[in-house]
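Derivation of every value follows stated rules applied to the coordinates shown; laboratory data play no part. The shown structure was predicted, so the numbers you read here are calculated from the model rather than taken from an experiment. Cβ: placed from backbone, ideal geometry, glycine included. Neighbour counts: every protein chain shown.
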Amino acid sequence: MEKNFKLNQLFVSLMVLGCSFGFVSCDDDDNNIPIEPNTKNAWGEFTGTMQIFSLEPEQVLADEIPEATSVAATVKNDTVYFNNFPIRDLVATLVPEDQVDDIVEAIGEVKYKIGYEAMLSEAKDSIYMTYDPKPMELTVPLSEDAAIAVKVKVSATQKGSYELSSKNYKFEIKADEVTVDDEPFDKFPVSLVKFEMKKDK
């Protein structure tokens, strides 16, 4: 009788152990199920560089390569957010060179955002973005009592792309014109602004 009882206990223990392994195996299988790519894969924090190319022929040298400026952005929902958009090159077209750094410091960090619509590529290996940029507006202090209102008209040139495998994100926008206190500023060259960034997290 006691022998049969012990055998029954052993049988039950083996059954419980077997079920436990079965559940673990199922959990592992669930964890290994591939997640279908979607446009949310492009959301995150990005760092990289920004380059500004003048589109005015008389201002472009054949071997001139624009200096790259460090830039950071956040992509979330349907918007690219810049908490500190680099504006030094823009300011340099408005004031003498010896005043640029002081003006940039006085303006402080410039927040700018660009809306977009995202679409997954047919191969599901990239995310394409169509942009809808709005004007960038700045208040540029010239002295304690004087400031100018600067508005940069911005447009989209082509779709941006985020590559899922490399996490590389590339896009560009165009600065079409600048107005100062609502008057056209003719000295500003039409420029192409290119971004090359990589997702950090």
Check your understanding: Does a label point 7 Å from the Cα of Ala106, set along Cα-to-beta-carbon, have any residues of the stretch 140-165 with amide nitrogen under 17 Å, and which are they?
Key -> 140-151
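With a Förster radius of 41 Å, plug the Cβ-Cβ distance of Lys201 and Thr130 into 1/(1 + (r/R0)^6) and report the FRET value to the nearest 0.05.
Details: r = 25 Å, r/R0 = 0.61.
Step by step, r from the Cβ atoms, then E = 0.95.
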Check your understanding: Taking 0.36 nm per intervening residue step and subtracting the Cα-Cα distance, what contour gain separates Glu67 from Gln99 on full extension?
Key -> 9.5 nm
Point to revise | Leu55 long-range amide H proximity, modeled H, under 5 Å | key: Val190, Ser191, Leu192
Revision key, fill the gap. Under Stokes-Einstein, the stretch 39-199 at 37 °C and 0.692 mPa s, with its Kirkwood radius over C-alpha pairs, diffuses with a coefficient in µm²/s of 195
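When you count, for each residue, the other Cβ atoms within 10 Å and take the mean per peptide, how do 39-52, 113-126 rank with the highest first? Before the final figure, lay out each step's value.
On the way: 39-52: 17.1, 113-126: 15.1.
Most protected by this proxy first, the peptides run 39-52, 113-126.
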Point to revise | Spacing of the two label points (7 Å from each Cα toward its C-beta) at Lys153 and Asp181, in nm | key: 2.1
